[in-house]
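Engineer: Would you mind keeping the following structure in view while I ask a few things?
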Amino acid sequence: MLSPGAPLAAPIPRTNLPERASLCIRSFPTLLRHVPRRVPMTIPIRRFGAALAASAALVLAFLAGRWSVSATSALGGSDRGGSPGAVRSAAARIPERRIDVRGGGQAGPGAPGSAEADRDALARLDLSPASEARERERMDLIARWAARDPVAALDYVRFDLRGDRRAQGLSLVFKTWARRDPRAAWGWVTRNMPGATPNLDEVIGEVGRSEPALAAELVAGWASMHPGTAQEVYLAAIRGMAYAGSFTEAAQVIEGAVIPGAGERDDLVTYLAGQWARYQPEQAAEWARQLPPGPARDQAMTSLSIAWADSDPSGAAKFAFSLPAGTSRERALEEVVSKWLTVDPAQARDWVINQGVHDDFDRAVAAIATQPQLIGSQPAVALQWAGDIVDDSVRFRCLNTVLSNLYARDPAAAADYIRSSRDLTPDQRAEFLRRFPSP
């Protein structure tokens, strides 16, 4: 018989929690042996044993739960909802999303680097507050996805994004794909999106940068089947080649281009001449001189001169002056001198003076005479430049501009010039006196 205050079973050490339940069950027979015989057994032994077994099971479940919670806490928490690790915001989990897509870890249902993991990372990104940083990260994730699985990335961009984000995402995926596998990218876009010319341009432009010969092959095949968009796709390929400095290859593409209209080919020639002259003006000039005489050659010369003037106005002016006399040279000289005036007006005026009077210089001289700085500070000099223009109509328009400015500031000086100038015809003098009456 148990003495008063004696425990029913041996104490269970707290250092080994998982064994508590088993110790309770093993102690059950001892418990029964120590029940005082004087206690009336109002409850049958079997029912008492079943109740006690149920209590032991509850103790077992409770202790097992307490042990698992302690173990989880010791490991630092879980990433599931309801646990301490799941309380963080979506923005705080951006580094984990980056790991998912890079393949360095797994936080979603898919394996690292899989389409499921990529989609999961992008879906969780939508939980963070809308911002420029979030959209930039979205494009970063799409670019990395496209490098591994461009078709899956395109599926996400085409059906999950809208508006500008969709356009930006498509451009990003196509460019990434074209750099890695140009033939596959071109084949996919021509089969699945043949009417999306901007996306065709993205792919062929990227191919033109890295593989100009392949770009020439692909665009020629496309143009033969789709003449309506041939010029635009050719232009995209040439733009890519020019970006990479493959100007000679671009010229060869234009020479063999399958384009229905001659005017469309001329536009390609003009574009290439301007781009080439920005970086290699002498080589561009040599190429342009070898073009067959005609509108394309004239336009190329003018475009070349204008682009050349951005880097070397003096060299561009000499080239423009060397062109055959005519409208093309006149326009080229006008554009070059106008640009030169914004950089070094004194040098530009000196160069024009040294070339002598020539009707092809009329527009260039007019650009000098109507320069706002010259009119404002030296109106008499501006009028002198305007008076040297050979063509009557060009001279009249130029003088009208200068006199309008002068009359607003000094009507007497303007009227004096009109009455005394020898550069005006009688009809021009009468018209100016009507427009600018004496004060």
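Engineer: Name the residues in the stretch 273-306 that are in contact with a Ser or Thr (Cβ under 8 Å, 6 or more places away or on another chain) and of a type in the set (D, E, K, R), would you?
Structural biologist: ARG278, ASP298
Engineer: Are any residues in the stretch 241-263 touching a Pro at 6+ places or on another chain (Cβ under 8 Å), among the small types (Gly, Ala, Ser) and buried (at least 18 other Cβ atoms within 10 Å of the Cβ), and if so, which ones?
Structural biologist: SER246, ALA250, listed by residue number.
Engineer: Now a separate question. Against the conditions (1) in contact with a Lys or Arg (Cβ under 6 Å, 6 or more places away or on another chain); (2) in contact (Cβ under 8 Å) with a residue 40 or more places away in the chain, where does GLY256 fall short? Just the number, please.
Structural biologist: The single condition GLY256 does not satisfy is (1).
Engineer: Any residue in the stretch 147-160 that is within 26 Å of GLY256 (Cβ to Cβ), of a type in the set (Ser, Thr, Tyr) and part of a helix (DSSP H, G or I)?
Structural biologist: Checking the stretch 147-160: not a single residue is within 26 Å of GLY256 (Cβ to Cβ), of a type in the set (Ser, Thr, Tyr) and part of a helix (DSSP H, G or I).
Engineer: Sort out for me the helices (runs of 4 or more DSSP H) sitting completely within the stretch 169-269 that have 3 or more residues that are acidic (Asp, Glu).
Structural biologist: In the stretch 169-269, the matching helices (runs of 4 or more DSSP H) lie at 197-210.
Engineer: TYR271 - would you say it is exposed (fewer than 14 other Cβ atoms within 10 Å of the Cβ) and either at pLDDT 90 or above or acidic (Asp, Glu) (or both)?
Structural biologist: Judged against the criteria, TYR271 is not a match.
Engineer: Next question, about the same structure. Within the stretch 118-138, how many residues are assigned to a loop (DSSP other than H, G, I, E, B) and touching a helix residue (DSSP H, G or I) at 6+ places or on another chain (Cβ under 6 Å)?
Structural biologist: Number satisfying all stated conditions: 1.
Engineer: Give all pairs with beta carbons closer than 8 Å in which a residue from the stretch 301-314 that is within 15 Å of ALA273 (Cα to Cα) meets a residue that is among the acidic types (Asp, Glu) and part of a helix (DSSP H, G or I); count only pairs at least 6 apart in sequence or on separate chains.
Structural biologist: Between residues of the stretch 301-314 that are within 15 Å of ALA273 (Cα to Cα) and residues that are among the acidic types (Asp, Glu) and part of a helix (DSSP H, G or I), the close pairs are THR302/GLU335; SER305/GLU335; ILE306/GLU335; ALA309/GLU335.
Engineer: Filter the stretch 330-359 down to the residues that are part of a helix (DSSP H, G or I), under 38 Å from the mean Cα position of the chain (by Cα) and not small (Gly, Ala, Ser) and list them by number.
Structural biologist: Matches in the stretch 330-359: ARG331, LEU333, GLU334, GLU335, VAL336, VAL337, LYS339, TRP340, LEU341, THR342, VAL343, PRO345.
Engineer: Among the residues of the stretch 210-228, is any under 19 Å from the mean Cα position of the chain (by Cα), under 21 Å from GLU264 (Cβ atoms) and crowded, with 22+ Cβ neighbours inside 10 Å?
Structural biologist: no
Engineer: Please determine, by comparing only the residues of the stretch 306-325 that are assigned to a helix (DSSP H, G or I) and either assigned by TED's automatic domain parsing to the domain that holds VAL394 or over 35 Å from the mean Cα position of the chain (by Cα) (or both), which one is surrounded by the most Cβ atoms within 10 Å (Cβ to Cβ).
Structural biologist: Only one residue tops the list, namely ALA320.
Engineer: Next question. When you check SER303 against the structure, is it among the hydroxyl-bearing types (Ser, Thr, Tyr), within 23 Å of SER338 (Cβ to Cβ), touching a helix residue (DSSP H, G or I) at 6+ places or on another chain (Cβ under 6 Å) and in a helix (DSSP H, G or I), yes or no?
Structural biologist: yes
Engineer: Here is a further query. Do you know which residues across the stretch 201-229 are within 10 Å of GLY240 (Cβ to Cβ) and of a type in the set (Gly, Ala, Ser)?
Structural biologist: Matches in the stretch 201-229: GLY205, GLY208, SER210, ALA215.
Engineer: In the list ASP416, ASP427, ASP362, ASP423, which residue meets the criterion of being acidic (Asp, Glu) and not in a helix (DSSP H, G or I)?
Structural biologist: ASP423
Engineer: So in the stretch 326-376, with the set limited to residues that are of a type in the set (S, T, N, Q) and within 15 Å of THR401 (Cβ to Cβ), which one is surrounded by the fewest Cβ atoms within 10 Å (Cβ to Cβ)?
Structural biologist: The residue in question is GLN373.
Engineer: Cβ-Cβ distance below 7 Å, separation of 6 or more or different chains: which pairs start in the stretch 191-214 with a residue that is more than 19 Å from VAL151 (Cβ to Cβ) and end on one that is in a loop (DSSP other than H, G, I, E, B)?
Structural biologist: Here the result reads ARG209/ALA244; PRO212/SER246, each pair linking the stretch 191-214 to a residue that is in a loop (DSSP other than H, G, I, E, B).
The values are calculated or read from the model by the stated rules, or taken from the named source; none is laboratory data. In this text, all values refer to a predicted model and were calculated from it rather than measured experimentally. So basically every Cβ, Gly included, is an ideal-geometry build from the backbone, and we count neighbours across all protein chains shown.
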